[in-house]
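The values are calculated or read from the model by the stated rules, or taken from the named source; none is laboratory data. What you are looking at is a predicted structure, and each value in this text was computed from that prediction instead of being measured. Cβ: placed from backbone, ideal geometry, glycine included. Neighbour counts: every protein chain shown.
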């Protein structure tokens, strides 16, 4: 800030013209008028000198070092190699069906089918009833009405006794 205070300030209305004068873009009568003004104005003269020292620094080329370019080149080659090595989904799918994989897939399918038929036998049951279950289903109504059938047997026995008694009376 102390350095800024020592530098004389240019005339506000001539700042743009001073920049144009520095780049040699001011021509004719304006150029002569500004040069006449610079003879008498220390602020504008100091500003023009500052422009002459600062503006070339802003356009100075920043050239990277040789190691930067080597690193950049190596990294670029690695990225290009990585992209070229990537396979498309079609290439990956076609690689799956190489000659060795078809017999392997067929063998795995046979094993899965055999396991399914072997262990699935107990899981998948048919709707047909076994013979033992059919006989039990037929006997179930009889068991429910067992008392009725016992009473019928007693009546049959009673009929038998009566017929035997009638035969004894006749003899």
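Among the residues making up segment 11-24, a single one is in a loop (DSSP other than H, G, I, E, B) and at pLDDT 85 or above: 11. Are any residues in segment 47-96 within 30 Å of residue 16 (Cα to Cα) and in contact with a helix residue (DSSP H, G or I) (Cβ under 9 Å, 6 or more places away or on another chain), and if so, which ones? Across segment 47-96, the qualifying residues are 47, 48, 51, 52, 55. Looking only at segment 42-73, which residues are part of a loop (DSSP other than H, G, I, E, B) and either surrounded by 12 or more Cβ atoms within 10 Å (Cβ to Cβ) or modelled with pLDDT under 85 (or both)? Listed by number, the residues that qualify are 59, 60, 61, 62, 63, 64.
Filter segment 25-41 for residues that are more than 60 Å from the chain's Cα centre (by Cα) and part of a loop (DSSP other than H, G, I, E, B); which is surrounded by the fewest Cβ atoms within 10 Å (Cβ to Cβ)? It comes out as 27.
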